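Visitor: Mind having a look at this structure? Questions to follow.
The values are calculated or read from the model by the stated rules, or taken from the named source; none is laboratory data. Source: prediction; values computed, not measured. Cβ sites come from the backbone with ideal geometry, for glycine too, and all protein chains shown count toward neighbours.
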Amino acid sequence: APVDTSTAVFPYGTGDVGYADPVELARAFAEDFVGFTDPLVGDFVQGDSRSGEVEVRPMSDGPVTTVFVRQLGTDGSWWVLGSATGDITTDAPAPGDAITSPVSVSGSALAFEGAVVVEVRQDGAREPLGTGYVTGGGDEMRPFSGQVSFSPPSADYGAMVFLTHSAQDGRVWDAAVYRVRFP
């Protein structure tokens, strides 16, 4: 029977093959999907019998992005359901929401100069359908809000991607990623 991957953001949902190792999956997600450069990837921490999480950092003293992984289907393969970081919280849209362009986004963030990159992605594509910027706090968590326009998707599902970048060298610093759908 086909595996229902409609809840997975990586590897890109329906039709793709999952990973045998959750740590290898978290590394691939961090590098290939999010855009981390040479991240430090922690150990797998078991949640329930079919899920868990893996911590990813841009460097040893950098912030933690927690990657949520789950086994889907009966073949034991691992998939990414999303990621979270203490430096970015989101209020809208909610995970699983149906979104249309422009999508209103809100939440709070702590980032270099408060800058948060917001991307709307569709399954099967690394290139965003649309990119926007919101401003949270540069010295403490502060609210952000804005809108991101995006091109019409050709897939039924995608992801909201919220990224911050390092003040030192501009690399991806941390990321919050979650599943959305297109009506």
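Visitor: If VAL117 satisfies all but one of (1) within 27 Å of ASP48 (Cα to Cα); (2) hydrophobic (A, V, I, L, M, F, W, C); (3) at pLDDT 95 or above, what's the number of the condition it fails?
Guide: Result: VAL117 passes all but (1).
Visitor: Of the residues that sit in segment 24-56 and are among the β-branched types (Val, Ile, Thr) and in contact (Cβ under 8 Å) with a residue 12 or more places away in the chain, which one is surrounded by the fewest Cβ atoms within 10 Å (Cβ to Cβ)?
Guide: Among them, the one singled out is THR37.
Visitor: Just checking, how many residues over segment 72-91 are modelled with pLDDT of 95 or more and surrounded by fewer than 18 Cβ atoms within 10 Å (Cβ to Cβ)?
Guide: Of the residues in that region, 2 qualify.
Visitor: Same structure again: Among GLU55, GLU31, which is out of contact with any Phe, Trp or Tyr (no Cβ under 9 Å at 6 or more places or on another chain) and within 20 Å of VAL17 (Cβ to Cβ)?
Guide: It is GLU31.
Visitor: Can you tell which of VAL69, VAL103 is closer than 13 Å to VAL177 by Cα and surrounded by 15 or more Cβ atoms within 10 Å (Cβ to Cβ)?
Guide: It is VAL69.
Visitor: What tally of residues in segment 114-154 results from selecting those that are within 18 Å of VAL80 (Cα to Cα) and among the small types (Gly, Ala, Ser)?
Guide: Going through segment 114-154 one residue at a time, the tally reaches 2.
Visitor: Of everything in segment 127-177, what is within 21 Å of VAL41 (Cα to Cα), charged (D, E, K, R) and in contact (Cβ under 8 Å) with a residue 12 or more places away in the chain? Give them in sequence order.
Guide: ARG171, ASP174
Visitor: Which ones in segment 159-183 are touching a strand residue (DSSP E or B) at 6+ places or on another chain (Cβ under 7 Å) and either in a loop (DSSP other than H, G, I, E, B) or farther than 24 Å from ARG57 by Cα (or both)?
Guide: SER166, ARG171, VAL180, ARG181, PHE182, PRO183 - these are the residues of segment 159-183 that are touching a strand residue (DSSP E or B) at 6+ places or on another chain (Cβ under 7 Å) and either in a loop (DSSP other than H, G, I, E, B) or farther than 24 Å from ARG57 by Cα (or both).
Visitor: Looking at segment 111-156, which of the residues that are in a loop (DSSP other than H, G, I, E, B) and of a type in the set (Asp, Glu) is surrounded by the most Cβ atoms within 10 Å (Cβ to Cβ)?
Guide: Filtering segment 111-156 for residues that are in a loop (DSSP other than H, G, I, E, B) and of a type in the set (Asp, Glu), the one surrounded by the most Cβ atoms within 10 Å (Cβ to Cβ) comes out as ASP123.
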